[in-house]
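The values are calculated or read from the model by the stated rules, or taken from the named source; none is laboratory data. Here the structure is a predicted model, which is why all the values come from computation and not from measurement. All Cβ positions, glycine included, derive from the backbone under ideal geometry; neighbour counts span all protein chains shown. Accessible surface areas use protein heavy atoms only, side chains included; no ligands, DNA or RNA. Shrake-Rupley method; radii C 1.70, N 1.55, O 1.52, S 1.80 Å.
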Amino acid sequence: MARLEDEFRHVLSSRALDLEIEALADLGGSLSISSDRSNSASSAELQVVDEDDSVSSLVGRRSSYRSLPSIREIDLLPDDAVSDLRAIASRMAAAGYGRECAQVYASVRKPAVDASLRRLGVERLSIGDVQRLEWKALEAKIRRWIRAARAAVRGVFASERRLCFLIFHDLPISNITVTAAAPATHDTPFAEAVKGAALQLFGFAEAISIGRRSPEKLFKIIDLHDALSDLLPDVSDIFAASKVAESIYVQAAEIRSRLADAVRGILSEFENAVLRDPPKTAVPGGTVHPLTRYVMNYSSLISDYKVTLSELIVSRPSASARLAAEGNELAPSLAELDLPEPDNQTPLAAHIIWIIVVLEHNLEGKASLYRDTALSHLFLMNNVYYIVHKVKDSPDLWNLIGDDYLKRLTGKFTMAATNYQRSAWLKILNCLRDEGLHVSGGFSSGISKSALRERFRSFNAAFEEAHRVQSGWCVPDTQLREELRISISEKLVPAYRSFLGRFRHHIENGKHPELYIKYSAEDLEIAVNDFFEGVPPSPHIRRRSHS
């Protein structure tokens with residue numbers, strides 16, 4: 001038997017074919033749809049984006065993460081070598097040495113399996129090693145792990161199981177007992193050869209599933225969850241049919257379940273992070289707040305992953321979840337927020353709407369930081385406009401939140417824009433009213449020139465102050481900025497032109513009319529074009545005419 005055992009070991013090791021890792025490459029990257037979510041936005045990209053940031057520039061849109069079913073069993077030894085090994089194993093098993101034969105098989109194939117996984121890029125990392133990594137480094141490792149896991153399961157493990165089947169199928173090796181509940185079968189040598197590598201492979205995903213939960217991890221963990229879900233049928237085919245290898249499938253299924261729990265926990269943590277973000281210092285010029293950009297980019301990405309998230313998110317935000325941030329000064333008023341709940345709304349849609357509702361509420365707190373009431377309204381206008389257009393730019397996000405809630409958001413934008421114009425311009429426009437200019441009684445009636453001169457002085461001062469201040473305010477959206485300027489001009493310029501037409505001759509007939517009539521209607525129209533650029537204006541208002 002010792003000679004047969006040595007011969008078995010010699011053939012198994014010397015006739016083994018080099019596993020061409022390149023042949024398994026497409027198992028790691030072949031997808032059933034055109035774009036790969038492995039390019040999804042990192043946490044840094046979510047926070048720092050261009051002015052015209054559309055989610056499509058950050059992430060390839062896709063609705064699922066499903067690779068093609070493609071188990072590939074590769075010949076690990078030549079056919080004649082497999083036949084020789086089968087013959088030797090048959091003789092040893094018939095003589096009652098099945099255990100020794102299986103042990104030799106496992107001792108030779110285990111290092112080969114380990115080497116294959118190393119060549120695929122699977123690192124030997126403990127749970128502690130994984131959890132100590134910086135997230136940016138871990139993101140790259142998750143991408144590599146997904147590719148490696150597909151190739152390992154569908155190529156390496158599947159090929160190892162086939163080889164073991166060809167050598168040991170139907171041989172009497174039942175004198176081996178792995179556990180009391182799992183007597184040895186022809187799969188036992190396979191299980192012993194690959195179990196360590198499989199545990200190492202899935203241990204990485206396990207470390208991710210039990211790691212610290214934070215919002216920036218959500219999308220990569222969904223990728224990991226979906227990749228593992230995609231592999232589970234193959235893991236079942238390869239491992240679950242055998243009692244001795246079934247524990248590997250059970251472990252993979254449990255890890256997927258923990259990844260699902262992590263996804264749900266991270267979404268809840270994100271909601272609470274938006275809730276807890278405190279008002280600190282006002283953003284200059286009333287521009288779009290970084291929190292708004294971050295939350296809406298995040299929400300757009302959530303909608304891109306809606307297929308998986310709709311399966312995992314099965315409960316709506318609860319009243320307790322809405323007040324989860326203990327001690328948060330916003331919490332008491334959050335209980336009174338109106339969360340739309342149409343009959344056909346999915347739990348995922350309810351969570352996204354809740355995120356936006358909390359964001360709106362948070363922005364109202366941040367708006368109160370501005371001393372200038374008009375600027376606080378401009379800030380809300382900018383931010384709600386940004387929210388509305390992020391929804392409109394993402395059909396998936398729009399579909400989730402629905403038309404009714406989008407109309408409510410649009411109404412809030414319109415109200416903020418109206419409130420800005422009323423706060424910023426009502427006082428200026430009041431300078432152009434006739435009230436208080438007419439005198440009557442006694443021997444004469446007409447226009448009080450002193451009151452008229454004061455009215456022109458007041459208008460000039462108010463408009464110059466508005467020009468100085470509001471040129472430094474910011475409306476980052478080009479279309480909105482132009483529409484707002486047009487709206488201001490449509491109210492201001494005709495009113496000024498009419499006032500000038502009615503009263504300029506009273507000033508021009510007096511002394512130093514240029515001190516009072518400083519601007520033509522065209523000058524005002526030109527000056528309004530300086531507004532909302534976010535930069536200090538020139539010292540003097542540009543004038544086309546001095547008449």
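Things to note:
- Positive dipole terminus of the range 432-542, leading residue within Ile447, Ala527, His467 (C-beta point charges): Ile447
- Pairs exceeding a 25 Å alpha-carbon distance, out of Lys220/Lys366; Lys110/Lys243; Lys217/Lys366; Lys220/Lys243; Lys449/Lys518; Lys141/Lys392: Lys220/Lys366; Lys217/Lys366; Lys220/Lys243; Lys141/Lys392.
- Couplings 3J(HN,Hα) for the range 449-462, derived from phi with the Karplus relation 6.51 cos²θ - 1.76 cosθ + 1.60 (θ = phi - 60°), are 5, 5, 5, 5, 4, 5, 5, 5, 4, 5, 4, 4, 5, 5 Hz, where x marks Gly and Pro.
- Each of Ser450 and His10 was given a label point 7 Å from its Cα along the Cα-to-Cβ line. The distance between the two points is 12.6 nm.
- The P(r) of the range 70-134 has a tail past 19 Å containing 56 percent of all C-alpha pairs.
- Multiplying the residue separation of Ser315 and Ala2 by 0.36 nm and removing their Cα-Cα distance gives an extension gain of 106.3 nm.
- Cut-off under 5 Å, modelled amide H: who pairs with Ile74 long-range: Ser159
- Peptide ranges 187-198, 300-311 listed from the most packed, as the mean C-beta count within 10 angstrom indicates: 187-198, 300-311
- Angstrom value of the Kirkwood radius, inverse mean 1/r, which spans all Cα pairs in the range 432-542: 15.3
- Relative contact order [Cα under 8 Å, 6+ residues apart], the range 432-542, whole percent: 39
- Sorting 379-386, 493-500, 110-117 by their mean Cβ neighbour count within 10 Å, with the most densely packed peptide first, gives 379-386, 110-117, 493-500.
- For the range 432-542, with all protein chains in place and a probe radius of 1.4 Å, 52% of the accessible heavy-atom surface sits on carbon or sulfur.
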